[in-house]
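Just so it is clear, none of the values below were taken in a lab; they were calculated from the coordinates. The model shown is predicted, which means the values in this text are computed figures rather than measured ones. Don't worry about glycine lacking a Cβ; one is built from the backbone with ideal geometry, like all the others, and counts go over all protein chains shown.
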Amino acid sequence: MLKKLEAIYHTEPTKGYFTIKRIHPGKIYKTEAEDFAFGPLSNIDHAFMKKGLTIKMHEHVDDEILSYVLEGVSYHKDSAGMEDVIKKGRLMVMNAGESFWHEEKAKNKDVEMLQIFIRPRASLLRPNIQFHEKPLSNDDWYLMAGPDESGTPLTFRQKAYIFDAHPKAGQTLESPVREGLAPFLYVMQGEVTIGDLTLEKYEAVTDLEKDLPPITANKDAVIVLFLVDLNAPMSLDGTISGVENLRH
């Protein structure tokens with residue numbers, strides 16, 4: 001059975017020059033759970049950075065983070081000495097592990113992006129940083145990230161896959177499937193219909209009983225699909241993805 005997560009269930013832990021709309025995917029069950037993760041998919045931060053904002057050097061521990069920019073350019077600097085940019089078509093995964101520090105800036109334009117937090121399979125793993133160039137506006141699914149040793153462009157230390165697609169209005173897509181993995185579909189932009197549900201920006205859907213039905217874009221859209229092992233072993237100690245932060 002399809003279940004929808006409406007935008008009214010999201011929190012805003014920060015608002016202003018740095019606004020975060022925090023999506024707790026486990027809230028799709030509409031229960032009073034103590035942990036609002038969807039298996040190892042802890043949370044999706046739909047973030048907005050105003051031009052000129054600097055988020056000073058700060059530490060992450062035990063967070064696996066995919067940074068996905070829709071608009072603008074985020075300037076990255078980290079404790080490994082890496083300086084780079086994250087922009088539309090250029091992805092970053094930070095495998096924080098035992099400790100990783102980074103700084104983010106929006107120098108010249110406002111930035112709209114997702115920061116996707118995955119719980120690693122264990123605590124205090126070795127830290128790593130990864131970048132990847134992808135198509136700017138792929139109207140079909142593009143596999144961005146998956147488990148280490150899966151051959152995906154970017155990797156997590158977890159059984160989780162992330163796809164994106166930019167379907168045009170009127171286009172219909174079949175969802176990718178991985179046996180034993182549960183789907184969670186998030187609408188970053190636009191509007192889509194799936195089954196008898198309409199999803200707008202900030203909304204999401206899942207089905208734990210069968211594969212997702214075809215997805216039709218009512219407007220040009222940007223959609224992100226997660227396939228995760230709901231029963232995977234995972235660390236609960238992450239700076240953001242950990243269970244202590246689940247209600248923020």
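Side notes on the structure shown:
- Counting only Cβ charges, +1 for Lys and Arg and -1 for Asp and Glu, the dipole size of the range 2-237 around its Cα centre is about 620 debye.
- Sites count as exposed loop sites when they are GluC sites (Glu not before Pro), lie in a DSSP loop, and have at most 11 other Cβ atoms within 10 angstrom; the longest stretch of the chain without one is 35-97.
- Estimated D of the chain in µm² per second, where Rh is the Kirkwood radius over Cα pairs and Stokes-Einstein applies at 25 °C, 0.890 mPa s: 137 µm²/s
- From phi via Karplus (6.51, -1.76, 1.60), per-residue ³J(HN,Hα) for the range 180-193 in Hz, x at Gly/Pro: x, 10, 8, x, 9, 10, 10, 9, 7, 7, x, 8, 9, 10
- Cα coordinate range in the range 199-248, projected on the principal axes (Å, largest first): 40, 25, 14
- Pairs exceeding 20 Å between alpha-carbon atoms, taken from Lys4/Lys88; Lys50/Lys88; Lys21/Lys219; Lys50/Lys87; Lys4/Lys27: Lys4/Lys88; Lys21/Lys219.
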